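Shown next, in structure tokens, is the structure this report addresses.
What follows is calculated from the coordinates using simple rules that are stated; it is not laboratory data. Since the model is a prediction, treat every value here as computed from it, not as a measurement. Neighbour counts run over all protein chains shown; Cβ positions are idealised from the backbone, glycine included.
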Amino acid sequence: DVKVTQSSRYLVKRTGEKVFLECVQDMDHENMFWYRQDPGLGLRLIYFSYDVKMKEKGDIPEGYSVSREKKERFSLILESASTNQTSMYLCASSNRAGAFFGQGTRLTVV
Amino acid sequence: GQNIDQPTEMTATEGAIVQINCTYQTSGFNGLFWYQQHAGEAPTFLSYNVLDGLEEKGRFSSFLSRSKGYSYLLLKELQMKDSASYLCAGPSSNTGKLIFGQGTTLQVKP
């Protein structure tokens, strides 16, 4: 079975903290994605990566950065967390056969 | 831009058949994905159509017409547990981005 694993299911962080969300996939997929999902707004792409050390901005990259040092791991970084970054964060990986999501991380910034 | 459109909400009766449509720009995508998402959970992969035609997987079938930029998800013998959001998504043939529609919320009533 394809497995995409996100490091945390729930997180609570304080405003101004640096936050790391980790995602690991075990299918040797080239492409990996970070989305956030908010009520009424659907899935919005933050960043994606099509190879190791390669990254592309999505639709809403402001306030975020990413790291892909190894093919299986794609990290999302909130440099200085703010309350408007409270959201469900979803990681996905894909190849030509399909695209699969991790279980999601519900982040609350207080 | 590359847009994917689907209805916002649908309602159907338990035991019935429902068809959820999705339209997209014909030149932008390399096939189409369908996902099911229950409230508070991550999207679950249902199908990926690359070629034209109908693919059946149990109670769920998915259809694609690349020339018309049209896809649908067909759910048969509806069950209450099928109440969920259904997302269609296209992998961009140019950038590799995975772009989502807004999702269709399906409510199954007794």
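Using only the alpha carbon atoms of region B:31-70, find the Kirkwood hydrodynamic radius as the inverse mean reciprocal pair distance, in angstroms to one decimal.
Result for region B:31-70, one decimal place: 11.0 Å.
Across every pair of different alpha-carbon atoms, what Kirkwood hydrodynamic radius in Å does chain B reach?
Hydrodynamic radius (Kirkwood, Cα pairs) of chain B is 13.9 Å.
Between B:31, B:69, B:58, find the one with the highest GNM mean-square fluctuation for chain B; connect C-alpha pairs within less than 10 Å.
B:58
Could you tell me the calculated FRET efficiency between residue B:76 and residue B:105, based on Cβ-Cβ distance and R0 = 25 angstrom, to the nearest 0.05?
Once rounded, the FRET efficiency stands at 0.85.
Remind me, relative contact order of chain A in percent, using alpha carbon pairs under 8 angstrom and six or more residues apart?
Over chain A, the number comes to 36 percent.
May I have the convex hull volume per residue, in Å³, for the Cα set of chain A?
Per-residue hull volume (Cα only) is 94 Å³.
If we count every other residue with Cβ under 12 angstrom of residue B:60's Cβ, Lys/Arg +1 and Asp/Glu -1, where does the sum land?
Combined, the nearby Lys, Arg, Asp and Glu give -1.
Given the convex hull of the Cα atoms of the protein assembly as shown, what is a quarter of its surface area in nm²?
One quarter of the hull surface, i.e. the mean projection, equals 11.8 nm².
Report the dimensions of region B:1-53 along its three principal axes from the alpha-carbon atoms, largest first, rounded to Å.
Principal-axis extents of region B:1-53 (Cα, largest first): 37, 24, 21 Å.
Which distance in Å, rounded to a whole number, links the C-alpha centroids of region B:86-105 and region A:52-92?
First find each Cα centre; the distance between them is then 19 Å.
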